[in-house]
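In what follows, a structure is listed as structure tokens, so that the remarks can point back to it.
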Amino acid sequence: MSMKFNDSRDFEYLSDVYVYIEQFGKKGHQIGRKIGDMLEIVIMGYCHSSQDLLNSMQTELSLEGFTGAKHKVEFSFFKLDKNGNFTVDKNDDIDQNNLIGFIECKKVGVEVTVHAETRYQDLQLGVNEAYQHNINPRWLDREIKINIVCKKISGNNAEIHITSKNANEEESSKQKNNLIDEKFEISVNKRFLITLVENGTVRIIKPENKLIDLSEKVRLCHVFTLTKIQNKTFFKIETCLTGPQTIEKAKQSALVALDVRKKRIGKWGKEEKKETDNFTPILVIGEVSHWEDKSRKVVTKTIDHNLVVPDYIIIEAFKKFHKKFGDDFLKFISKDALKTNKDVKTLIQEIISENKNAIFYDIEDLNFKKISKINNSLVISNL
């Protein structure tokens with residue numbers, strides 16, 4: 001019986017990776033820029049664990065498409081000669097006529113953007129002044145009204161009082177937890193969050209708390225940062241968007257698969273392929289919760305296999321690197337480090353081993369997959 005990923009949703013939400021790194025504040029932004037690199041070295045480490053894949057693999061190679069365009073992909077795989085060597089063309093480059101497939105890695109993170117309410121100036125609240133923050137996402141059939149009051153100002157600190165009478169779904173209105181009544185202190189440069197979780201319920205994250213404290217998936221998150229106090233409090237409001245550039249990444253990946261497939265086997269679409277056509281494009285996706293239906297359709301209609309690395313794999317990798325290398329761990333997250341640093345290679349192999357090779361699953365059937373090289377062909381099968 002095949003292993004299946006069992007924590008999937010049919011809507012977009014803030015990835016567990018983002019929820020994890022949010023707790024690190026400014027350091028979290030630096031970590032966020034390394035998520036793509038971590039995704040790549042996990043896949044590279046997986047390929048290194050198979051001698052057949054490793055021997056036939058090239059890294060960061062530019063593949064020529066039918067249009068003449070060159071497409072740099074993370075990992076390319078080739079048919080080898082009878083001596084187990086790459087064949088070369090007249091220019092002493094690897095002969096791309098022997099290309100049997102490639103792996104591209106894509107991820108789109110959360111984009112934190114200024115909320116319309118504070119686009120031109122910060123929200124200003126003096127003592128006992130109130131601001132009503134309305135939440136009305138397209139997927140929710142009602143508007144939530146949240147009242148925010150500055151109760152006290154003292155030096156670089158303020159006391160905030162947040163209330164709402166319809167924080168949960170209407171049918172839950174008789175429950176006590178339908179009322180929000182939160183008071184807390186906040187200091188300059190600290191933040192609080194107003195979130196909406198998957199069941200449509202509001203959760204307030206106070207300055208001393210973290211997104212990771214929530215057990216539910218977060219579908220909406222507004223960040224209120226106290227930027228300064230000058231007789232009044234000044235708040236910058238930001239919105240966390242779930243991968244607004246996802247469709248661009250999807251189109252880029254689709255173009256590479258179409259163009260290189262046409263060059264390699266003379267056919268644009270994957271539905272035109274025959275069993276004898278030895279060419280397999282693979283897309284590996286990180287933070288898949290940011291990929292809306294339109295982007296998923298673009299890649300599933302054009303790319304042979306679309307595999308997802310679960311967020312917990314990436315989070316586990318960051319934790320291991322941080323524990324091993326300390327505060328400078330980010331500089332060890334690279335393909336070069338995986339090739340040259342024994343400790344990096346060991347950590348990645350630990351992750352693969354501890355998860356019993358269940359590193360990625362298919363975006364459509366949710367079954368965990370394995371990648372093999374069999375008879376000079378790339379083969380994707382259930383784990």
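Nothing in this text is a laboratory measurement; each read-out follows from the coordinates by a stated rule. On a predicted model such as this, the values are computed, not experimentally measured, just so you know. All Cβ positions, glycine included, derive from the backbone under ideal geometry; neighbour counts span all protein chains shown.
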Q | Value in Å of the Kirkwood radius, where segment 21-130 supplies the Cα pairs that are averaged | A | 18.1
Q.
Just to confirm the number: angle between the C-alpha axis of helix 246-265 and the first principal axis of the chain, 0 to 90 degrees, nearest 10?
A. 10
(Q) Once R0 is set to 41 Å, what does the formula 1/(1 + (r/R0)^6) return for the Cβ-Cβ distance between LYS356 and PHE184, expressed as a FRET efficiency to the nearest 0.05? (A) 0.40
Q) Ranking LYS210, LYS107 by Cβ neighbours within 10 Å, fewest first, what do you get? A) LYS210, LYS107
**Q.** Debye-sum result for segment 121-241 in log10 I(q)/I(0), which assumes one identical scatterer on each alpha carbon, at q = 0.14, 0.15 Å⁻¹
**A.** -0.58, -0.66
Q | Cβ-based exposure ranking for THR67, THR239, in which fewest neighbours within 10 Å come first | A | THR67, THR239
Q.
With every atom except the alpha carbons ignored, what do you get for Rg and Dmax of segment 216-299, in angstroms?
A. 21.3, 75
Q: Enter the angle in degrees (range 0 to 90, nearest 10) between the Cα long axis of helix 311-325 and the first principal axis of the Cα atoms of the chain, meaning the one along which they spread out most.
A: 90
Q. Rounded to the nearest 500 deg cm²/dmol, what is the calculated helix-only ellipticity per residue at 222 nm for the chain, with -39500 (n - 2.57) per DSSP H run of length n ≥ 4?
A. -7500 deg cm²/dmol
**Q.** Cα centroid separation, segment 25-93 to segment 312-341 (Å)
**A.** 19
Q) Candidates (i) 24.5, 81; (ii) 21.1, 77; (iii) 26.8, 92; which is the computed Rg and Dmax of the Cα atoms in Å? A) (i)
**Q.** Neighbour-limited loop hits for trypsin sites (Lys or Arg not before Pro), segment 276-383 (at most 15 other Cβ within 10 Å; DSSP other than H, G, I, E, B)
**A.** LYS301, LYS356
(Q) Modelling each spin label as a point 7 Å along the Cα-to-Cβ direction, I'd like the ASP93/GLU364 distance in nm, to one decimal. (A) 3.3
